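Notes for the one structure printed next.
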Protein chains: 4
Amino acid sequence: MNLPAGRLTGVIPPVCTPLTPDGAVDTRSLVRLVDHLAGAGVDGLFVLGSSSEAAYLTDHQRRLVVETVVRHVAGAIPVLAGAIDMTTPRVLDHAETALAAGADAVVATAPFYARTHPAEIARHFQRIAKEIGAPLVAYDLPSSVHSKLDADLVLDLAADGTLVGLKDSSGDQATLRTIAISAPTGFSVLTGSELLVDTALLLGAHGVVPGLGNVDPHGYVRLVKHATAGEWGRARAEQERLLGLFGMVDAAPPARMGRGSAAIGAFKAALRLRGVIDHATTAEPQIPLTDDEVALVAQRLTAAGLG
Amino acid sequence: MNLPAGRLTGVIPPVCTPLTPDGAVDTRSLVRLVDHLAGAGVDGLFVLGSSSEAAYLTDHQRRLVVETVVRHVAGAIPVLAGAIDMTTPRVLDHAETALAAGADAVVATAPFYARTHPAEIARHFQRIAKEIGAPLVAYDLPSSVHSKLDADLVLDLAADGTLVGLKDSSGDQATLRTIAISAPTGFSVLTGSELLVDTALLLGAHGVVPGLGNVDPHGYVRLVKHATAGEWGRARAEQERLLGLFGMVDAAPPARMGRGSAAIGAFKAALRLRGVIDHATTAEPQIPLTDDEVALVAQRLTAAGLG
Amino acid sequence: MNLPAGRLTGVIPPVCTPLTPDGAVDTRSLVRLVDHLAGAGVDGLFVLGSSSEAAYLTDHQRRLVVETVVRHVAGAIPVLAGAIDMTTPRVLDHAETALAAGADAVVATAPFYARTHPAEIARHFQRIAKEIGAPLVAYDLPSSVHSKLDADLVLDLAADGTLVGLKDSSGDQATLRTIAISAPTGFSVLTGSELLVDTALLLGAHGVVPGLGNVDPHGYVRLVKHATAGEWGRARAEQERLLGLFGMVDAAPPARMGRGSAAIGAFKAALRLRGVIDHATTAEPQIPLTDDEVALVAQRLTAAGLG
Amino acid sequence: MNLPAGRLTGVIPPVCTPLTPDGAVDTRSLVRLVDHLAGAGVDGLFVLGSSSEAAYLTDHQRRLVVETVVRHVAGAIPVLAGAIDMTTPRVLDHAETALAAGADAVVATAPFYARTHPAEIARHFQRIAKEIGAPLVAYDLPSSVHSKLDADLVLDLAADGTLVGLKDSSGDQATLRTIAISAPTGFSVLTGSELLVDTALLLGAHGVVPGLGNVDPHGYVRLVKHATAGEWGRARAEQERLLGLFGMVDAAPPARMGRGSAAIGAFKAALRLRGVIDHATTAEPQIPLTDDEVALVAQRLTAAGLG
């Protein structure tokens, strides 16, 4: 399938990548996870994002993920694929692979590792858009990329047709609002801030890409439905329930592992506990959760009504 | 050839990667650059580092660079190859390719983009060392990687045999000194701070990996020779001449491009002006130098006696 | 007057400090500004905050500001006073002066310049609260203080009675939400994010401290009224009008001055254009706006219906 | 006394501020510390710097420190006084007090807390120099100030007579070298990097302001003497002994307190163990060292021959 006639909206989870204990992509579990998400009524899937451990997957594994998901979804909902790499030429290689495997759109960050000027960041997105001939979404993730896409840059690239949307995981809702107000018709503003979905939709965002949506896609589908209907009280209640559930990312303490490892580890543990995937294995060099930490994850599931 | 019986020492330039105007690797120019460096008496070559634009080269180009240089050097001096990528599984893929192409050692950074705990950084290097069965050098480049390898971490990984050396481009000479004093025999401390070679050698470093060494390898060979002989006055004079030459990295102003683009652009312009390579092209999305900026580079060459 | 029986709520503008052309506090203009704010129906005043240029005022000027405002307000609404300094002993000196001059509560940041551990930050607030015997509000401003107050720290200090509230200017609405949900009854969560007032109130904040509220207090009073009434559509419309007005902070370009200077300069220019204060002078070493930049401020006023 | 006819050179320790157990300035101990330093042959004293806990001292305590030291030194060696505060007007107040108390020169940082443009930083130093009519030294301490003084800025302010020197605690020796090479005659480049004194002098610095010099001033006097004589081997040996001694700053672990608290706490513990000051008390809110941590400090003293 292609992108919707209008723009990307609603719940588009960044799909976790289940792994076998020896680190291979567990395609059987991946397919079950896709069914779990699609069955909840999500509006699209984002594979090879941060919650997918894209940074840890080899080129071979990345291709396998896109192929597996695209084949299984079979056009029912759009599949966006991350092309996460340091610079234009390397991003282009990933983008071509993903599109060849059937992805409907490409998601790319500004250059990282390489330290670039805003003019070079603009050039980066423009070159990618021109080469791939497919919809391009910018991914703003300063905690990983170490630069921020400012509102003027995004709006310029929206206006000249380079970008069809923005996935904002910066946490900067003031800039998000500025972009949402001024972006051209058809441009899609998606937030990655899974604890601020109701407020993001209130200020003009069109959808959400929640890592926690792997664990509880039904909750995010309800949340967006309430917000879209203007039922802000019900939206807030649902969001607050999800905030409690999100506490699972603190099951493992910062003294023991990176915050990314703790979050992905918790999401995968929860998916295993819920019976969606077979193993909670995370990629190297991430430190795995202990049994006690997994028990804390289980408590969060129970407290949120998912036990 | 293999690594020297003792440890890596002396001048080991990070080899620029000449490109054709359409962005392909210019292997004819690359070979001439290798001759230029080897002819000056450098002690080794580091391909696929930051000055090589490794972050911008595709996997295909990376392999071509290693193969071309290894074949041409033919064992005369060791060739170290960067395996620059985000996480352990991806670094391993690059390392295997480089070693298959004949590299003598692998150079890797801590994980980046992924945000990892120091315990995960240690695990990263340990997994790589165990898998590759070849010498591993840690590359400390906080301006790109956004974490710093602290002295205890490096010393632990030196003591357990994970690392054979450190390439330090952090600019933190106090930590460099702490490591140099305490590292085990045979561990090689290399500085990437091209303006602080005399002082780095005074405080215990064993060698230097100077980006500017592409332009003036003879200068760095003399500088190391003076310092090794304890002729600190002559070393300082040579270093100050090279500091003047390094001013070329400011030919293009920060308002126009990233500092990396300005530096690599200047080095390549200087190599072209000196007749070593055919084109000063830099990889996308870097902004190229203007003719006026190249003229400033030429002035620096002349002032340093290389005109 | 003392603090309200319940907690601080509503609109509490950080009061600009009008200066004469030679840099003295312009008390006549300050009194008119207080009337402008109180007349619009704000719920309290925050003097000696960042928008007040507290960092630029001498001890003498700081005392004069508190005395002038407290005397003029005469208990009609509460007056909070910033005690902005590097460490506990210095903050205590400012707090004592402000309380002696009649302030109703003290607002303090974590230590800055000094680099402190979270345990030392907690100790800092605890010592202050114990010494002053008056309500203490924590001020979270990572862009100036270079550390972030995390949710656990704030909640612990709320639970043990150290803090009566938080003024959050971090822009991190997810942490704000976590605090708002878990804080004890009576604890006041105030946002300094003047472009996110509707969303902050939706997620549980109790009030707002908007720098732009100096220029348009009526707008913020309306905005809070709409939000409190659950009229989110009207709140959003008011917030979007204020977002347009806020564009005045970009009248002076980043190439010419700091973003703080541009914002304070614009607010003061707008207050002068509106006839509230006599001079738009900002404190040294801030660069003043040009006439052309002031004309852009005037355009923003007109566009927002305040021309 | 006034500043030396030439320029500031040699060892100029940042003088610790001894405190009584209840946090008052212990002037008796302060005088003994001054004798300890002057008796070792240091070339000047820097009071109210970071190692003096200037950020923690009240205005009253700051004045008392300058008065006590100036009176006791009685012109034998120059006394520089820090005027550490956020902005120009506040720095001026401190500078006037220090000069009235007899300080020979003023040391000031760029504005902090306030976020300023480089043009505003230049204006800051120019206003201060113009107002105080006394020698002004710039203090570059990015870890506290969160901006870096770049080489062009310092060289411009040296050339126009605003600054008589730079105290560089940035750790950036490449910039230090650039400044040392190009600064006008009479401009003094002082390093605060106590582990890099030999290398700083090799690359052109004129003196050192070592916090650890409180504990072992004789060591730093010998180190500078060797370096000045071109005896780099002896200088290096002395520096390496001092590096071992500096290990005392790690006696308290980062999990328990800030790195500043650990360093100042260790210096004060060592001064008490050496019988120079009566109490190792540090200012609030710094966490004190435990007895076990003090025992580690004692071990460092013994190992360095000062037990």
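Derivation of every value follows stated rules applied to the coordinates shown; laboratory data play no part. Small disclaimer: the values here were computed from a predicted structure and weren't measured. Glycine gets a Cβ as well: all are built from the backbone with ideal geometry, and neighbour counts include every protein chain shown.
When the C-alpha to C-alpha distance is required to be over 26 Å, the pairs from A:K268/B:K148; D:K167/D:K268; A:K130/B:K148 that qualify are A:K268/B:K148; A:K130/B:K148.
Each other copy holds its own label point for D:T290; taking that point as 7 Å from Cα along Cα to Cβ, the gaps run 2.0, 6.1, 6.3 nm, nearest first. Annotation: region D:10-229 has a Kirkwood hydrodynamic radius of 17.2 angstrom, from the mean reciprocal C-alpha pair distance.
Descending by average beta-carbon neighbour count within 10 Å, the peptides A:201-210, A:221-230 line up as A:201-210, A:221-230, the highest first.
With the Cα gyration tensor of region C:243-307 giving a ≥ b ≥ c as the square roots of its eigenvalues, does the rule (a/c under 1.5 for rounded; else a/b larger than b/c for prolate; else oblate) give rounded, prolate or oblate? Note, shape of region C:243-307 comes out oblate. Region A:127-212 gives an Rg/Rh value of 0.95, both radii derived from C-alpha positions and Rh following Kirkwood. In the protein assembly as shown, Rg over Rh equals 0.96, where Rg is the alpha-carbon radius of gyration and Rh the Kirkwood radius from pairwise Cα distances. Calculated on the alpha-carbon coordinates, the convex hull of region D:198-263 measures out at 86 cubic angstrom per residue.
Mean partner shielding of peptide B:105-118, defined as the number of other chain Cβ atoms within 10 Å of each residue Cβ, is 5. Sort out for me the Cα centre separation of region A:234-307 from region C:126-173, rounded to whole Å. For region A:234-307 versus region C:126-173, the Cα centre distance is 29 Å.
Shown for D:S182: label points 7 Å from Cα along the beta-carbon vector, and their distances to the equivalent points in the other copies, 3.6, 3.7, 5.1 nm in ascending order. According to the square roots a ≥ b ≥ c of the eigenvalues of the Cα gyration tensor, what is the shape class of region A:108-260, taking rounded for a/c under 1.5, prolate for a/b larger than b/c otherwise, and oblate for the remainder? Since a/c reaches 1.5 but b/c is at least a/b, the shape of region A:108-260 is classed as oblate. Within region C:182-298, the proportion of C-alpha pairs whose separation exceeds 17 Å stands at 58%. Once C-alpha pairs closer than 8 Å and six or more residues apart are averaged by separation and normalised to the residue number of region C:202-284, the relative contact order reads 22 percent. Magnitude of the charge dipole for region A:169-232, about its Cα centre and with charges confined to Cβ atoms of Lys, Arg (+1) and Asp, Glu (-1), is about 120 debye. Seen from B:H218, the other residues with C-beta closer than 12 Å to its C-beta sum to a net charge of +2, counting Lys and Arg as +1 and Asp and Glu as -1. Computed about its Cα centre, the charge dipole of the protein assembly as shown is approximately 0 debye, with only Lys, Arg, Asp and Glu carrying charge at their Cβ. Residue-level result for chain B: its Cβ closest to the axis carrying B onto D, with that distance in Å, is B:T199, 2. Approximating the spin labels as points 7 Å out from Cα along Cα→Cβ, the C:D291-to-C:A303 distance works out to 2.3 nm. In plain terms, the residue of B:S51, C:S143, B:S261 with the fewest other Cβ atoms within 10 Å comes first and the most crowded comes last, giving C:S143, B:S261, B:S51.
Summary of the geometry: region D:191-225 and region A:46-106, compared by the centres of their Cα atoms, lie 55 Å apart. Across chain D, C-alpha contacts under 8 Å between residues 6 or more apart give a mean separation that, scaled by the residue count, equals a relative contact order of 19 percent.
The order of C:M248, B:M86, going from fewest to most other C-beta atoms within 10 Å of their C-beta, is B:M86, C:M248. Considering region D:77-181 at the alpha-carbon level, its Rg and Dmax are found to be 12.8, 37 Å. Taking other C-beta atoms within 10 angstrom as a stand-in for reagent exposure, B:L242, B:L166 fall in the order B:L242, B:L166, fewest first. Using all pairs of distinct alpha-carbon atoms, the Kirkwood hydrodynamic radius of region A:51-99 works out to 11.3 angstrom. Remark: region D:10-229 carries a charge dipole of roughly 160 debye about the Cα centre, counting +1 on each Lys and Arg Cβ and -1 on each Asp and Glu Cβ. Between copies, D:A100 shows label-point distances of 1.7, 7.7, 7.8 nm, shortest first, with the point placed 7 angstrom from Cα along Cα to C-beta.
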